């Protein structure tokens, strides 16, 4: 991108130079009591350079302002990330406390299971090997 800008600036500079060489007529400039007689091309080049310098100064000022804004936003981002981290820890602690405070069902209602073990179920699909006795 910077090379494209340099090429465009070079083309504009070349056009200004060609214009200056072709316009050598004298022009008188008056500023209050000061009068100056110069060729149109020289006045045009001087005007172009003054405009370029002013544009550069405005760009430098905007760049400094942008750097300050970026630094401020980075500090705010760090502060907010710390706050989010603290809130996540607080949420995890709150959820853990809520889980510990939930009432546990009595053992008689827990269907005889121990955490980590499978629940016992009657085997209904197995054939009976022993026939019931008749009285």
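The values are calculated or read from the model by the stated rules, or taken from the named source; none is laboratory data. Given the structure is predicted, the values throughout are model-derived calculations rather than measurements. Heads up, the Cβs are rebuilt from the backbone with ideal geometry, glycines too, and the neighbour counts pull from every protein chain shown.
Out of (1) part of a helix (DSSP H, G or I); (2) touching a strand residue (DSSP E or B) at 6+ places or on another chain (Cβ under 8 Å); (3) surrounded by fewer than 10 Cβ atoms within 10 Å (Cβ to Cβ), the odd one out for residue 3 is which?
Just one mismatch for residue 3, condition (2).
For the structure I just gave you, tell me whether residue 27 is within 51 Å of the chain's Cα centre (by Cα), surrounded by 10 or more Cβ atoms within 10 Å (Cβ to Cβ) and outside any loop (DSSP other than H, G, I, E, B).
Working: within 51 Å of the chain's Cα centre (by Cα): no; surrounded by 10 or more Cβ atoms within 10 Å (Cβ to Cβ): yes; outside any loop (DSSP other than H, G, I, E, B): yes.
When the stated conditions are applied, residue 27 does not pass them.
Take residue 17 and decide whether it is at pLDDT 85 or above and surrounded by 10 or more Cβ atoms within 10 Å (Cβ to Cβ). Spell out the reasoning first.
Details: at pLDDT 85 or above: no; surrounded by 10 or more Cβ atoms within 10 Å (Cβ to Cβ): yes.
For residue 17, the condition - at pLDDT 85 or above and surrounded by 10 or more Cβ atoms within 10 Å (Cβ to Cβ) - is not met.
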